[in-house]
Amino acid sequence: MKSRILVTGGAGFIGSHYVRTLLGPRGDPDVSVTVLDKLTYAGNPANLEPVRADPRFSFVHGDICDSRLAAELADRHDQIVHFAAESHVDRSIDGAAAFISTNVGGTQTLLDAALHARRPPVFVHVSTDEVYGSIDVGSWPETDPLSPNSPYSAAKAGSDLVALAYHRTHGLDVRVTRCSNNYGPYQFPEKVIPLFVTRLLDGGRVTLYGDGGNVRDWLHVDDHVQGIELVRTRGGAGEVYNIGGGTELTNKELTGLLLDACGADWSRVDLVEDRKGHDRRYSVDCGKIARNLGYRPRHEFGTGLAETVAWYRDHRAWWEPLLRRG
Ligand code: NAD
């Protein structure tokens, strides 16, 4: 029997990669996919163009905070993979309201819809490593307490905990993934890699926060999607799975690689005051998903980054209009 999957936020960076993968040649022939997306500045119908004509695909333009719509959709799907969120830390520092209403309120609305559906769907909640806070040495296992620092990560931590509460309190089959920083094609050019690449390709300048020593673990979006698929198809109810790439870089090291890839040098970099509340280092321990579900990242960072830069170089028609948005 076909699984009917509701993908929220499927017009964004990771959600659209998930949908293109599920409905693509490496995907699952036994699924149909409905995307529910509000099409905020970050949602882009062009990201779904490759699957638009697929009879297994449908699109609903709407808000996860709309309880009537959520109930109607939850009733006719077997699984929900929940990506929709306000996702940019800098925007959450400028104004947190949309982050609380979408990330916390919207997630709770969807969970309620799932709980009261005729046959409650499996609920895969896509969370982030940022919910753990910052760690100087070592890596977080899934059992570590959440200690978020930005309004973005606090709102994600709220939704993550509410999702787990719906499992513990009501027995809903909720599965949570906490992933590190993603990179790849179709990422909105406000996040560091596409922001730097598009500016450098345009001959512009880029800005590096603080001393550039903040460390992030980078994962190709395709590996994140692989992890989410393992959790959707084989994960356990009430379980949390970290997903990471094992490529830790300081922002300064990453900037050096991006300058090289774009044929630019350090004269194009401005050092600016550090971001408020800037987490120093993120590092997830991915042993559980590797042991229990056989997860292993496939994309080597150097190759993945070179392919990503080449994609932005070749797809100006995708990103140039986005620079005038939001
Ligand atoms: P994105 O900003 O590219 O996409 C978010 C999508 O959600 C957009 O299509 C937007 O239109 C949609 N959306 C926003 N508010 C909505 C609402 N109220 N109703 C319906 N749709 C709404 O984000 P992304 O980078 O693809 O991240 C997807 C998810 O993965 C998020 O939950 C994020 O927290 C999580 N995550 C991201 C990363 C990363 O590195 N980008 C890492 C770990 C986890």
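The values are calculated or read from the model by the stated rules, or taken from the named source; none is laboratory data. Here the structure is a predicted model, which means the values were calculated and not measured. Note that we place each Cβ from the backbone using ideal geometry, even for glycine, and neighbour counts take in every protein chain shown. Only protein heavy atoms, including side chains, enter the accessible area calculation; ligands, DNA and RNA are left aside. Shrake-Rupley method; radii C 1.70, N 1.55, O 1.52, S 1.80 Å.
A few comments on the model shown:
- Rg to Rh, two decimals, where region 40-107 supplies the alpha carbon set and Rh follows Kirkwood: 1.01
- Centroid-to-centroid separation of region 44-123 and region 233-305 [C-alpha atoms, Å]: 25 Å
- The chain, accessible surface, carbon-and-sulfur percent (1.4 angstrom probe): 51 percent
- Normalised radius of gyration (Cα atoms, divided by 2.2 N^0.38 Å) for region 182-326: 1.14.
- Value of Rg/Rh across the chain [Cα atoms, Kirkwood radius]: 0.95
- Residue ranges 123-129, 294-300 sort as 123-129, 294-300 when ordered by packing (mean number of other C-beta atoms within 10 Å per residue, highest first).
- With the alpha-carbon atoms of region 66-205 aligned to their principal axes, the span from lowest to highest coordinate is 55, 35, 26 Å, starting with the largest.
- In the frame of its principal axes, region 275-324 has Cα extents of 42, 33, 18 Å, reported largest first.
- Length-normalised contact order of the chain in % [C-alpha pairs under 8 Å, at least 6 apart]: 17 percent
- Relative to its residue count, region 92-167 spans a Cα convex hull of 81 Å³ per residue.
- In straight-distance terms, cross-link reach from Lys276 covers every one of the aspartates and glutamates whose alpha-carbon lies under 19 Å from its own, apart from those fewer than eight places away in the same chain; here that gives Glu86, Asp90, Asp94, Asp129, Glu130, Asp136, Glu190, Asp211.
- Spin-label model, Met1/Asp265: points 7 Å from Cα along the beta carbon direction are separated by 6.5 nm.
- Relative to the 2.2 N^0.38 Å rule of thumb, region 78-117 has a C-alpha radius of gyration ratio of 1.34.
- Accessible surface, per residue, of region 7-118 when the full set of protein chains is kept, probe 1.4 Å, Å²: 40 Å²
- When the Cα convex hull of region 25-139 is projected onto planes of every orientation, the mean area is 9.6 nm².
- Where both bridge residues fall in the chain, DSSP classifies roughly 10% of the beta bridges as antiparallel.
- Restricting region 1-95 to chymotrypsin sites (Phe, Trp or Tyr not before Pro) in coil, as DSSP defines it, with at most 13 other Cβ within 10 Å: Tyr41
- Surface exposure of region 152-205, expressed per residue as accessible area with a 1.4 Å probe, stands at 31 Å².
- Cα Rg, Dmax (largest Cα-Cα span) when computed across region 122-265, Å: 17.0, 55
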